[in-house]
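The values are calculated or read from the model by the stated rules, or taken from the named source; none is laboratory data. Being a predicted model, the structure only gives us computed values, none of them experimental. Here Cβ is always computed from backbone atoms with ideal geometry, including for glycine, and neighbour counts include all displayed protein chains.
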Amino acid sequence: MKTTRIILSALILILPACDGGNGAFDTAWSLFESGKYQEAKTEFEAHISDGSEAYVGLGWSSLRMDSISAADGYFAQIIGDTLIDGYAGLVAVKWAQRDYANTILFGDVVLLAQFDYIFSHDVTVNNQDIALHQAFAYYALGNLSGCISKIRQVDPDFSNGVNDPGIEDIILAKLTSLGLNGL
């Protein structure tokens, strides 16, 4: 746990709130935004030598094509880099792999670096979606207080506490009503 906090702290110090902004990827991102994920993937592959943003695009394109393992491999290439969108992708990948501890960890990386995060290529992937994935992950790990904290980031009016009678059922009903959107 101490090592995880050190890694998280180091990442937060080096992560600026930016999206990369390389014009070489405009066509690829446009294809991605149009739902043409295979074509976007091909375009990102053509620019792999242009840097980490290619791996982020490959990861997101693979993720949208339900190729979780491939997405994981692409996103792993950017760990330690400054592209927040890659860490947001890792939240989805780790969630899909049922790696709940890393869902929470990478969610923290995103939200601590940019608390009002929005993925510019799919606005349904945002700070609330990240927090909701973390809430589900905390629930899956049996950490009800962590879950409640994340629910309150999405719905500040949620007033139930960990000691309330039937809290597990209340939390599950709330999580179900909130649903998962972008990731």
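Does residue 49 qualify as being farther than 21 Å from residue 104 by Cα, of a type outside the set (Phe, Trp, Tyr) and at pLDDT below 95?
Criteria met by residue 49.
Between residues in region 26-52 that are within 14 Å of residue 74 (Cβ to Cβ) and residues that are outside any helix (DSSP H, G or I), which pairs lie under 6 Å by C-beta distance while being six or more apart or on different chains?
32/121; 37/65; 52/78; 52/81; 52/83
Hey, residue 147 hits all of (1) over 18 Å from residue 104 (Cβ atoms); (2) within 21 Å of the chain's Cα centre (by Cα); (3) not small (Gly, Ala, Ser) but one; which does it fall short on?
Condition (1) is where residue 147 drops out.
Could you grab the pairs with beta carbons closer than 8 Å, sequence gap of 6+ or different chains, first residue in region 148-161 and farther than 8 Å from residue 135 by Cα, second one assigned to a helix (DSSP H, G or I) and polar (S, T, N, Q)?
Hits for this filter: 153/127; 153/128; 154/128.
Of the residues 25, 75, 44, which single one is buried (at least 18 other Cβ atoms within 10 Å of the Cβ), closer than 24 Å to residue 113 by Cβ, at pLDDT 95 or above and touching an Asp or Glu at 6+ places or on another chain (Cβ under 9 Å)?
44
Residue check: is residue 93 crowded, with 23+ Cβ neighbours inside 10 Å, touching a residue at least 24 places away in the same chain (Cβ under 8 Å) and among the hydrophobic types (A, V, I, L, M, F, W, C)?
Taking the combined requirement at face value, the residue satisfies it.
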